[in-house]
Amino acid sequence: MSDCLFCKIIAGEIPSAKVYESENVYAFRDINPQAPTHILVVPKKHVASVAELNDSNSRLAAECLVAAAEIARKEGLENGYRIVSNCGPDAGQTVAHLHFHILGGKRLQDQMV
Ligand code: AMP
Ligand code: ZN
């Protein structure tokens, strides 16, 4: 997707603070952190959101979550963390490339799940 912000970040066309990379997954620090640790984990292949997951691409989501667990360990989030994936306008998704937020490093708000 040539006009996708996260595809451009994955391609190195827009700079990012990379924290993890594998064959299918890329992770980088959120530019507007909502917690002391705020990292975005994305599949390198463009998938718009959780709503576009299906039997043929679900492996990408699984790899993102396994990567998230590894990143959380490396970031020292042994006291806990939250993983969020906003899906669609009502959830406030602003970038239409599947991403999982890792939020941690403080006691997170109890509102909303
Ligand atoms: P969402 O609102 O769930 O779609 O999340 C999109 C996230 O991308 C927001 O938390 C933004 O702060 C973050 N973001 C937008 N542009 C960049 C960028 N260039 N580098 C890192 N994070 C970004
Ligand atoms: Zn994309």
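Here, each number is a calculation from the coordinates, and none is a lab measurement. These numbers come from a predicted model, not from an experiment. FYI the Cβ positions are ideal-geometry reconstructions off the backbone, even for glycines, and counts take in every protein chain you see.
Within the set K18/K106; K8/K44; K45/K74; K18/K44; K44/K106, which residue pairs have Cα atoms separated by over 19 Å?
Beyond 19 Å: K18/K106; K45/K74; K44/K106.
Can you tell which of P36, A17, H97 lies farthest toward the positive end of the dipole of the chain, using +1 and -1 charges on the Cβ of basic and acidic side chains (Lys, Arg; Asp, Glu)?
P36
Looking at the chain, which Cys residues are left with no other cysteine's beta carbon under 4.7 Å from theirs?
C64, C87 - these cysteines have no disulfide-compatible partner (Cβ-Cβ under 4.7 Å) in the chain.
Hand me the GluC sites (Glu not before Pro) from region 55-113 located in a DSSP loop with no more than 11 other Cβ atoms within 10 Å, in residue order please.
Qualifying residues, ordered by number: E78.
Can you work out ³J(HN,Hα) from phi for every residue in region 8-22, in order, using Karplus 6.51 cos²θ - 1.76 cosθ + 1.60 and θ = phi - 60°, giving whole Hz and x for Gly and Pro?
Ordered by residue, 3J(HN,Hα) equals 5, 5, 4, 6, x, 7, 10, x, 8, 8, 5, 10, 6, 8, 9 Hz.
Indicate the gyration tensor shape class of region 5-104 (rounded, prolate or oblate), computed on the Cα atoms with a ≥ b ≥ c the square roots of the eigenvalues: a/c under 1.5 is rounded; otherwise a/b larger than b/c is prolate and the rest oblate.
rounded
To the nearest 10 degrees, how steeply does helix 58-74 sit against the main Cα axis of the chain, on a 0 to 90 scale?
Relative to the chain, helix 58-74 is tipped by roughly 40 degrees.
Which cross-chain or sequence-distant (5 or more) residues have an amide H under 5 Å from the amide H of A48, H modelled 1.01 Å from N in plane?
Residues meeting the criterion, in which the H sits 1.01 Å from N, are L98.
Given an 8 Å cut-off on Cα distances and at least 6 residues of separation, report the relative contact order of the chain as a percent.
31 percent
Just how large is the dipole of the chain about the Cα centre, in debye to the nearest 20, putting +1 at every Lys and Arg Cβ and -1 at every Asp and Glu Cβ?
So the dipole magnitude of the chain works out to roughly 280 debye.
For I71, what is the net charge nearby, where nearby means another residue's Cβ is under 14 Å from its Cβ and Lys, Arg count +1, Asp, Glu -1?
Summing Lys and Arg as +1 and Asp and Glu as -1 gives -1.
With each run of n ≥ 4 DSSP H residues scored as -39500 (n - 2.57), what mean residue ellipticity at 222 nm is computed for the chain after dividing by its residue count and rounding to the nearest 500 deg cm²/dmol?
Result for the chain: -6000 deg cm²/dmol, rounded to the nearest 500.
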